[in-house]
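Engineer: Here's a structure for you.
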Amino acid sequence: MMADLIQSCDVLVIGGGNAALCAAVTARRGGAKVILLESAPEAFRGGNSRHTRDIRHMHARATEYLTGPYSEEEFWDDLARVTGGETNEQLARLTIRESANLAGWISTNGVRWQPPLQGTLHLTRTNLFMLGGGKAMMNAYYDTARKLGVLVAYETEARELKIRDGEFLLAVVRRGGETHEVRAKSVVIASGGFEANIPWLKEYWGDAAENFIIRGTKYNQGRMLQELLEHGAKPVGDPQGCHAVAVDARAPKFDGGIVTRLDCVPFGIVVNQDARRFYDEGEDLWPKRYATWGALIARQPGQIAYSIIDSKAMGQFMPSVYPPIEARSIAELATALGLEPAALAATIDEFNRSVRPGTFNAGSLDDCRTEGLDPPKSHWALPIDTPPFCGYPLRPGITFTYLGVTVNERAQVIMQDERPAKNIFAAGEVMAGNILRRGYLAGFGLTIGSVFGRIAGREAARHALG
Ligand SMILES: Cc1cc2nc3c(=O)[nH]c(=O)nc-3n(C[C@H](O)[C@H](O)[C@H](O)COP(=O)(O)OP(=O)(O)OC[C@H]3O[C@@H](n4cnc5c(N)ncnc54)[C@H](O)[C@@H]3O)c2cc1C
């Protein structure tokens, strides 16, 4: 394998997730000799893409797999709302329009879809769900890449890029303790964000970052992002920004995926380690509310919080992989969670006293709220009074970071002097900040990576063979 690597190729793809595979397959179909470097071992290949379930795409009508149409304008409005308008409209509209071609392309490359399911995500009209999720999708793509003749090198990390005057010359890579140089006529950087690089996160979050849980792969260290920036690529996106949700504190440090996320927050109260509430648990509906809780917990002492519910809440939310900690009394629950029993009892008594009668409705912004409580609970406020009482320990779960490199509509990396780098292309999370600088639209990470992966693969092959 390494002998092959030392040989030069037309297109070098760095990364092993959705964007990288879309680029590699497209470049290979364009006639290029392609080498793909994945720093993870084969069993863990596929980056964060293997944790995904669904992809958002524009379409004109309902299909076997989608319950209705999703137009360019509606898609654009959704994006404008979540980003507060902070997006590159030209690239965003390109992504939306090109997404109309994704369903067919993705299935041509071996991915199968799943008929709409009933659930709490309300995405069955706008998003296609992959049968077997992102893991099956990545397996299908790797299989297609192998059949087409893409050379995949696992456990091979790109460490340095040699770039001169905006032109990529070679990559320095590490494999099995050895260092090698790989030359290519063009390179596609599709190596994700830097969310697994705790020292880098600490630059913005301080020691708090030690207590973060990373929902995806530990291999997204951001080394290629850093290399591009050091070589003068123009940054995009908030360097401090990351998408973070509340996950079960018992989750593994990396790669817990979707099953550790907790959706119980609006159905009870959330307290910190002093058993005090700190934010309105009933502020908004999913998906608006869910991405706020990671950052809220990150700002609490010890970066830990506890969701407290009673038996009335059970069954209202999607269960996570860990069972709740259950008790017959609040005092018993506090002890089990490591909280001061008197303090938790006082917080719950105060909360229960402030709850006003209303008609509970989990699916809408109902009128069950508190009065005279600081912070308030604006919706779904019911007294916590019916045993058994349950608690979940929560930590910030980081999904991805927003910092990336600027690209143009050909996926070329833009340098600080505004000139496009000749033969350096970027796709996926490493450039998603051009389109999504803040906020999130479910299923849009894969859309950006698939659209720009295909563009980058096409353009990289064109440059190499042209
Ligand atoms: C739990 C979870 C659930 C999600 N669910 C969804 C969903 O349902 N739909 C959706 O659209 N988005 C979802 N996302 C977001 C989505 O995962 C990303 O937007 C998308 O996967 C990014 O694709 P990518 O190819 O850019 O990066 P990744 O898939 O993360 O791939 C990056 C790859 O680069 C490799 N790499 C990194 N550095 C190097 C290096 N120096 N040398 C060689 N290789 C390197 C890594 O090993 C990895 O293979 C989810 C994310 C998480 C964490």
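FYI, it's all coordinate maths here, none of it is from the lab. In this text the structure is predicted, and so the values were computed from the model without any measurement. FYI the Cβ positions are ideal-geometry reconstructions off the backbone, even for glycines, and counts take in every protein chain you see.
Engineer: Label 7 Å along Cα→Cβ of ARG356; region 306-340 residues with amide nitrogen under 13 Å?
Structural biologist: No residue qualifies, since no backbone N sits under 13 Å from the label point.
Engineer: Ok, one more. Could you please report the charge total around VAL451, scoring K, R as +1 and D, E as -1 over all other residues with beta-carbon less than 14 angstrom from its beta-carbon? Intermediate values should be presented prior to the final figure.
Structural biologist: Numbers: positive: ARG56, ARG93, ARG97, ARG410, ARG454, ARG458; negative: GLU72, GLU98, GLU409, GLU429, GLU459.
Every neighbour counted, the sum reads +1.
Engineer: Quick test of the membrane-span-like rule: which DSSP H helices of the chain reach at least 27 Å along their long axis (C-alpha atoms) with mean Kyte hydropathy at least -1.0? Don't jump to the answer; show the numbers that get you there.
Structural biologist: On the way: long enough: 444-465 (31 Å, 0.47).
Going by DSSP H runs, the hits are 444-465.
Engineer: Here is a follow-up. Can you give me the long-range amide H partners of CYS9? Hydrogens built in the peptide plane at 1.01 Å from N, cutoff under 5 Å, separation of 5 or more residues or another chain.
Structural biologist: So CYS9 has HN proximity to ARG183, ALA184, LYS185.
Engineer: Relative contact order, percent, of the chain when contacts are C-alpha pairs under 8 Å separated by at least 6 residues? Intermediate results must be reported in sequence, preceding the final value.
Structural biologist: Numbers: 1148 pairs, mean separation 109.4, N = 466.
Relative contact order for the chain comes out at 23 percent.
Engineer: Assuming 0.36 nm per residue, please report the length gained on full extension of the stretch ARG81 to ARG276 beyond their Cα-Cα distance. Intermediate results must be reported in sequence, preceding the final value.
Structural biologist: Working: separation 195, 0.36 × 195 = 70.20 nm, distance 3.23 nm.
Difference between extended and current length: 67.0 nm.
Engineer: For the pair LEU373 and LEU94, how long in nm is the line joining their label points, each one 7 Å along Cα→Cβ?
Structural biologist: If labels sit at LEU373 and LEU94, their model points lie 4.9 nm apart.
Engineer: Take the Cβ-Cβ distance between ARG410 and ARG250 as r, set R0 to 56 Å, and report the resulting FRET efficiency rounded to the nearest 0.05. If you can, show how the numbers build up before the last one.
Structural biologist: Numbers: r = 45 Å, r/R0 = 0.81.
The value I calculate is 0.80.
Engineer: In addition: Kindly provide the Kirkwood hydrodynamic radius of region 181-271 in Å, to one decimal, from all pairs of distinct alpha carbon atoms.
Structural biologist: Numbers: mean 1/r = 0.0650 Å⁻¹.
About 15.4 Å, per the Kirkwood formula over Cα pairs.
Engineer: Return the FRET efficiency for the residue pair LEU148, VAL321: r is the Cβ-Cβ distance, R0 is 45 Å, and the value is rounded to the nearest 0.05.
Structural biologist: Values: r = 36 Å, r/R0 = 0.81.
Here the calculated transfer efficiency is 0.80.
Engineer: Please tell me which of these pairs span more than 27 angstrom C-alpha to C-alpha: LYS185/LYS234; LYS253/LYS422; LYS202/LYS422; LYS33/LYS253?
Structural biologist: Values: LYS185/LYS234 22 Å; LYS253/LYS422 39 Å; LYS202/LYS422 34 Å; LYS33/LYS253 37 Å.
Check vs 27 Å cut-off fails for LYS253/LYS422; LYS202/LYS422; LYS33/LYS253.
Engineer: I've got another one for you. If I stretch the segment between GLN7 and GLU73 completely, what's the gain in nm (0.36 nm per residue apart, minus their alpha carbon distance), one decimal?
Structural biologist: Numbers: separation 66, 0.36 × 66 = 23.76 nm, distance 4.70 nm.
The span from GLN7 to GLU73 would gain 19.1 nm if fully extended.
Engineer: Quick check: convex hull over the Cα atoms of the chain, volume per residue in Å³, rounded to an integer? The partial results should precede the final answer.
Structural biologist: Values: hull volume 64.5 nm³, N = 466.
It comes to 138 Å³ per residue, whole-number rounded.
Engineer: Suppose only helical runs count, i.e. DSSP H with n ≥ 4. What mean residue ellipticity at 222 nm does that imply for the chain under -39500 (n - 2.57) per run, divided by all residues and rounded to the nearest 500 deg cm²/dmol? Please list the in-between numbers first.
Structural biologist: Details: 12 runs with 129 residues, N = 466.
So the calculated ellipticity at 222 nm is -8500 deg cm²/dmol.
Engineer: Sticking with this structure for a sec: What is the distance in Å between the Cα centroid of region 17-35 and that of region 81-97?
Structural biologist: 25 Å
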